[in-house]
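To start, the structure itself, in structure tokens.
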Amino acid sequence: MPAMSPEERREFARDLGGRLPAGFVLGAATSAFQIEGATHEGGRGESVWDAFTTQPGRILDGSTADRATDHFHRTTEDVALLHDLGVDSYRFSFAWPRLQPEGKGALRASGVEFYERLLDQLAAAGIDTMATLFHWDTPNELRGGWFARDTALRFGDFAHAMGERFGDRIGRWVTVNEPATVTLDGYALGVHAPGATRLFNSLPAAHHQLLGHGLSVQALRAAGVQGGIGIVNVHSPVVPATGSEADAAFAELFDLLHNRVFADPVLLGHYPAPPEGFEALFSALAEVDPADLAVISEKLDFYGLNYYAPTKIAAGSGGSATPDGSSDAMASLPFHLAPWPEFPRTGFGWPIAPEFLGTALDELATRYGSLLPPVFITENGASFADAVELDPETGEPHVHDGSRIDYLAAHLDAAVGAVTGGGPASAISLRGYYVWSLLDNWEWAAGFTQRFGLVHVDFDDFTRTPKDSYAWLRLVAESRT
Ligand code: BGC
């Protein structure tokens, strides 16, 4: 992906905007815990992430999300930024512990008021919504977290209460965001909250999140919500490091763990068959009640695809690196993530490989065929070390994030190309694309060290400065015909 000049980037934006199908939704995404702050206000309960951040050594820069980007106090400014960006839709998440501090019971008035205000402001700005019910901030009062089946039932109840309260105002509902990341990072490898290192014994957490998803689909429908309902899964096409049989076997295993365990039951109604030789590792999924699978595979109105990077897998243990932090548990596995030197990398070190977004779409089309509902790319973006510079002549602040523009341009182009190019993904109805993220934010275990925003945030005084990528996305939005 060669770097473009500023004029080439503008030309690309105009061309890309002109090629987007009619009605294609452009959006920007955030999540509550990463932006809201105000974690101790309005009687908000503690989430597993609040607890995790207080444990020494868990967060790279030792930060907490107590203030995050201070969005809780700056919704007016942030909605104005969305409006000026010219996007159609804002994907945000409801903070479960702000609405149900203990993970159950009546919705808390202060939480409801906060989101009503936000929704009023978005409506006044003419911005549609995609609201996620669970973006990782599990109420800490729910003992056992997603390892406990009861959490799925509590989540269904939460969804019902939210559907009753907000059912006439949300454009699209996302039940659960990236159950794969919660399972793998949070319960298997311990790099995310709650910090468990159960390796393959983490799979019940996958099943319970998926069950929570299915129960919440039923609950939202029972509450009569007007908006469409979907789930968001992160997909990472997996490639073996070499042509060896061992690499191929572990690549297939990792594809199951990262992609198919989360997509197959939702779209096909069953878990994938374990690769030969690995059956014992998946026994928890083989034993689940078939009635659960019927709930998990409730028909959806759309499928949310998050894509960041592909994964290369090699056999043999090989260090503790995961995409989201270092884990001793990772080092104990019989496979590892192999480096990918031929691709440039983001600030996080993730390979920049837009063609693999096309692969992810091809895999979705091939694996799920006519069972796949319309697709939204619900997150795509990259972190880079962005800095505010003052224009020597005008004194105006600027953030020249050309690398992010090149990343977004290549990925949106690859997605549009894949669904219109005559390949397997041509069968997909791709309805929209959300950039991760509107704002630089608190990036989980990486704290404030990774900036993903279209808008730069000063983490000391919370000043917002739109980056060059913000102006670029606006040009794409304006160039639609
Ligand atoms: C998550 C976001 C996160 C982003 C970048 C996704 O896995 O949904 O919350 O900030 O990736 O790491």
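Brief remarks follow.
- Spacing of the two label points (7 Å from each Cα toward its C-beta) at residue 223 and residue 479, in nm: 4.0
- Solvent-accessible area per residue, Å², over the range 6-478 with all protein chains present [probe radius 1.4 Å]: 36
- Counting charges near residue 150 (Lys, Arg +1; Asp, Glu -1) among other residues having Cβ under 10 Å from its Cβ returns a value of +4.
- Translational diffusion coefficient (Stokes-Einstein; Kirkwood radius from C-alpha pairs) of the range 217-283 at 4 °C, 1.567 mPa s, in µm²/s: 92
- With the simple model of a label 7 Å out from the Cα in the direction of the Cβ, residue 10 to residue 124 spans 3.4 nm.
- Compared with the rule-of-thumb size 2.2 N^0.38 Å for a compact globular protein, the range 130-173 has a Cα radius of gyration ratio of 1.25.
- Alpha carbon centroid spacing (whole Å) that separates the range 72-125 from the range 385-436: 25
- Residues within the reach of a label modelled at residue 40 (point 7 angstrom out along Cα to beta-carbon, backbone nitrogen below 18 Å), restricted to the range 133-151, are 140.
- The range 6-478, relative contact order in percent, only Cα pairs under 8 angstrom and at least six apart counted: 18
- When only alpha carbons are used to place a centre, the range 169-218 and the range 260-279 end up 16 Å from one another.
- Extension reserve of the residue 246-residue 326 stretch, reckoned as 0.36 nm per residue once the Cα distance is removed: 26.4 nm
- Using distinct alpha-carbon pairs, which all enter the 1/r mean, Kirkwood radius of the chain in Å: 22.5
- Extension gain (nm, one decimal) between residue 168 and residue 301, 0.36 nm per residue minus Cα-Cα: 46.2 nm
- If you plug the beta carbon distance of residue 113 and residue 276 into 1/(1 + (r/R0)^6) with R0 = 60 Å, you get a FRET efficiency near 0.65.
- Placing +1 on each Lys and Arg Cβ and -1 on each Asp and Glu Cβ, with no other charges, gives the range 420-476 a dipole about its Cα centre of roughly 360 debye.
- The length gained on full extension between residue 22 and residue 426, counted as 0.36 nm times the residue separation minus their Cα-Cα distance, comes to 143.8 nm.
- Working note: Karplus 6.51/-1.76/1.60 with θ = phi - 60° gives the range 34-40 the couplings 7, 10, 5, x, 6, 5, 10 Hz, where Gly and Pro are set to x.
- FRET efficiency for residue 400 and residue 317, using Cβ-Cβ distance with R0 set to 60 Å, rounded to 0.05: 0.90
- For residue 4, solvent-accessible area (1.4 Å; no DNA, RNA or ligand), Å²: 40
- Calculated FRET efficiency for the pair residue 148/residue 387, C-beta based, R₀ 51 Å, to 0.05: 0.70
- The GluC sites (Glu not before Pro) found in the range 183-284 that occupy coil by DSSP, while having at most 12 further C-beta atoms within 10 Å, are 276.
- Taken about its Cα centre, the range 6-478 carries a charge dipole of about 1020 debye when Lys and Arg each add +1 at the Cβ and Asp and Glu each add -1 at the Cβ.
- Accessible area of the range 6-478 belonging to carbon and sulfur atoms, whole % at 1.4 Å probe: 51
The values are calculated or read from the model by the stated rules, or taken from the named source; none is laboratory data. Quantities reported herein were computed from a predicted structural model and do not represent experimental measurements. Quick reminder, even Gly has a Cβ in these numbers, built from the backbone with ideal geometry, and neighbours come from all protein chains shown. With ligands, DNA and RNA removed, areas are computed over all heavy atoms of the protein, side chains included. Shrake-Rupley method; radii C 1.70, N 1.55, O 1.52, S 1.80 Å.
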